[in-house]
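The values are calculated or read from the model by the stated rules, or taken from the named source; none is laboratory data. All values reported here derive from a predicted model rather than from experimental measurement. Here Cβ is always computed from backbone atoms with ideal geometry, including for glycine, and neighbour counts include all displayed protein chains.
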Amino acid sequence: MLLREWVQEKLDSQRDRAAAQAKSRSSTKARPVVEREPPPRLVALVERYAPRRVGITMTVLLLLGSCGFGIVKGGHLQDFITAVSDARNAMANSAGFRITSVVINGRKQLSQDEILAVGGVSGRSSLLFLDADAVRDKLKANPWIADATVLKLYPGRLMIDITERQAFALWQEAGRLSVIADDGAVLEPYVSRRFLSLPLVVGKGADTQARDFLALLARYPQVNSVTKAAIYVGERRWNLRLKDGLDIRLPEQDVGNALAMLSRLDKEDRLFSRDIVAVDMRLPDRLVVQLSDDAAKAREDLFKDKKKKKAGDAA
């Protein structure tokens, strides 16, 4: 074999081995190509247009939500609302919207401080953030106040017009004594002696029926002037308790006629000054008088004496 042929054979052999090794490496490194499904359109739009700092924003929102949940869960919601309200009122006050003048018209029973407290107006309130409708609703929720008008006059004047209910009577029921208006609304518990002169009504339902009955009773001053209390019995009829303790049992119907008869009997026969404890007018055709124990005993003794005298005369 010639040298040239031997060299050529060696070169061919080396090329064949190199080709085989390259083929082996390419077959080892090859990977199947997996086609990825394109993302949904909504996801693609979000990825394309969402701000780069959306993660930070979501984190902040999450923290705020957690704080809000903690405030509500811990029972501090009202404190938080109050703090926010105080902060904004403070800013408004510093900007010139402080309430510097308050005018209240129509008050008689309630003081100015009481009215402002009922309406939720304090020294921290600003005219800018004061809700006039809310103040009005709070005022009308008070039993003494029948109606209210609230006006805000910028920059710092508040005007309140109220219509108060009038104390009409004292109402006793279930051991409680209350001051009531003429429509039966309970104004307050009876604690002040300034209401001592009001008429007294007693019993369940007497609060709502008092206006009509007391108006009728006032037409008969002979009876009204000596009446201590009007007692509503069974939610059907009235009894009168006079100042000397005499009980008048009025009928369920024709009460006006019964009161007129009482007035006439007292004027003509001084009925209320007699030694009696009760007058029963419930029967339509008669009037029943109950004597006191002393009067009954005296009457009984009188009959006995008359009986003995008759027996002696007969002998």
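Of note:
- Output for the stretch 125-167, where each listed residue is farther than 26 Å from ARG211 by Cβ, among the basic types (Lys, Arg) and within 24 Å of the chain's Cα centre (by Cα): ARG136, LYS138
- Any hit, the stretch 111-118, residues being surrounded by fewer than 16 Cβ atoms within 10 Å (Cβ to Cβ) and either at pLDDT below 60 or part of a loop (DSSP other than H, G, I, E, B) (or both): yes
- Enumeration of residues in the stretch 198-228 that are hydrophobic (A, V, I, L, M, F, W, C), surrounded by 15 or more Cβ atoms within 10 Å (Cβ to Cβ) and closer than 26 Å to LYS108 by Cβ: LEU198, LEU200, VAL201, ALA206, ALA210, PHE213, LEU214, LEU217
- ALA148 fulfils the conditions (1) at pLDDT below 95; (2) small (Gly, Ala, Ser); (3) under 20 Å from LEU187 (Cβ atoms) except for a single criterion, (1).
- Of the residues in the stretch 126-142, none is in the same structural domain as ALA95 (by TED's automatic domain parsing), under 15 Å from ALA92 (Cβ atoms), touching a residue at least 60 places away in the same chain (Cβ under 8 Å) and in a loop (DSSP other than H, G, I, E, B).
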